[in-house]
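Participant: Mind looking over this structure? Questions follow.
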Amino acid sequence: MHLSQYRTSSGSIQVVARDGSEAYEVKSELSLYDLAMRALEEGVGLRDLVLSLGLNGAVNLEVLAAEGRLLPPVTHADPAHLHLTGTGLTHLGSASTRASMHAKKPEDETDSMKMFRMGVEGGKPGNGAAGVQPEWFYKGTGAALVAPGAPLVSPPFALDGGEEPEIAGIYVIAPDGAPVRLGFALANEFSDHVTERQNYLYLAHSKLRPCAIGPELLVGELPQSVEGTSRIRRGEEVIFEKPFLSGEANMSHTIANLEHHHFKYDIFRQPGDVHVHMFGTATLSFADGVQPRDGDVFEIEAAAFGLPLRNPLSFAPLGKAEPMTEVRPL
């Protein structure tokens, strides 16, 4: 089953379910977040709750997308209670891209390569114990979450704005503090790779950018191998197109290990919070020397996830200085 959300003409949120080729409105006025919390309260699965509520008439998701009415598959009424985070160097092949950005000499083994090797050797322990920690980063709160079709805005102090096609796990925290996975969605973990390339310690800065997920949430387990395509469209021309691979068959960590090392922190197990945790990628147009321009459209698709995720890029001239941010004493 796939679940998505759109904004109705009255401004409310409507959840849509697709189990096959047709999509239907769920007979409920609750958002997907509220449905998830109700499922927890009733002790039932999300899919079972949706089916018990029943479905209304069919809707055309592609038309809703063209009208700009699709929302991220999960939102929170208070964006401060939605957390955007991720892990890097988790996919087979991801280290070569990162290492090429930071290596000083060909014979050097970068910290990125060391971290990748740690994942290959200890990211899939297979004995029920925790594996090695992955690289981890913070992107922001729900204020940085962009709807499918909406612009990914690069700030005026940015040096670059580049796509990162990947899979995100979507979670809510139950009243007892337990993390509960709703499913998985496509994600564009938009980043500033030129800033990161200056020094790997700038990784944290490079990640404080908006990101997009959706349009559809895949309820259930992630396929062992996800095969998708990442594109950049410039007008009628496709200036970049490359496959990306995800799923545990293409990763150096298990999903369970990545989840453990995020949710082991008490601060990330606060009841009622939403977490969007991105699992990393090995495919970047930046690695192929592509420099996206204002108005380019990032397109990420994979058959298992339904509609593609499309977002245009919008940014101020590269390297334009911003006025100092004023901090006033009280």
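The values are calculated or read from the model by the stated rules, or taken from the named source; none is laboratory data. Everything numeric in this text was worked out from a predicted model, so none of it was measured. Every residue, glycine among them, receives a Cβ derived from its backbone with ideal geometry; neighbour counts consider all protein chains shown.
Participant: Take the stretch 181-210 and flag every residue that is of a type in the set (S, T, N, Q) and either surrounded by fewer than 24 Cβ atoms within 10 Å (Cβ to Cβ) or over 18 Å from the mean Cα position of the chain (by Cα) (or both). Before the answer, list the steps.
Facilitator: Narrowing the stretch 181-210 to residues of a type in the set (S, T, N, Q): 188, 191, 195, 198-199, 206.
Result: THR195, GLN198, ASN199, SER206.
Participant: Given (1) within 30 Å of GLU135 (Cβ to Cβ); (2) modelled with pLDDT under 95; (3) not assigned by TED's automatic domain parsing to the domain that holds ALA147, identify the lone condition not met by ALA36.
Facilitator: For ALA36, the exception is condition (2).
Participant: If we only count strands (runs of 3 or more DSSP E) wholly inside the stretch 220-330, which ones have 2 or more residues that are on the phi > 0 side of the Ramachandran plot and not assigned by TED's automatic domain parsing to the domain that holds ASP192?
Facilitator: Values: elements: 226-234, 237-246, 274-278, 297-302, 309-315.
So the answer is none; nothing clears 2.
Participant: Now, a different point. Restricting the first residue to the stretch 43-70 and requiring it to be assigned by TED's automatic domain parsing to the domain that holds ALA17, which pairs with a second residue that is of a type in the set (Asp, Glu) and at pLDDT 95 or above meet a Cβ separation below 8 Å and a spacing of at least six or different chains?
Facilitator: Listed pairs, sorted by first residue: LEU49/GLU42; LEU55/GLU25; ASN56/GLU25; GLY57/GLU25; VAL59/GLU25; LEU61/GLU216.
Participant: Suppose we keep only residues that are modelled with pLDDT of 95 or more, assigned to a loop (DSSP other than H, G, I, E, B) and acidic (Asp, Glu) within the stretch 121-173. Which one would you say is surrounded by the most Cβ atoms within 10 Å (Cβ to Cβ)?
Facilitator: Applying the filter and picking the extreme gives GLU163.
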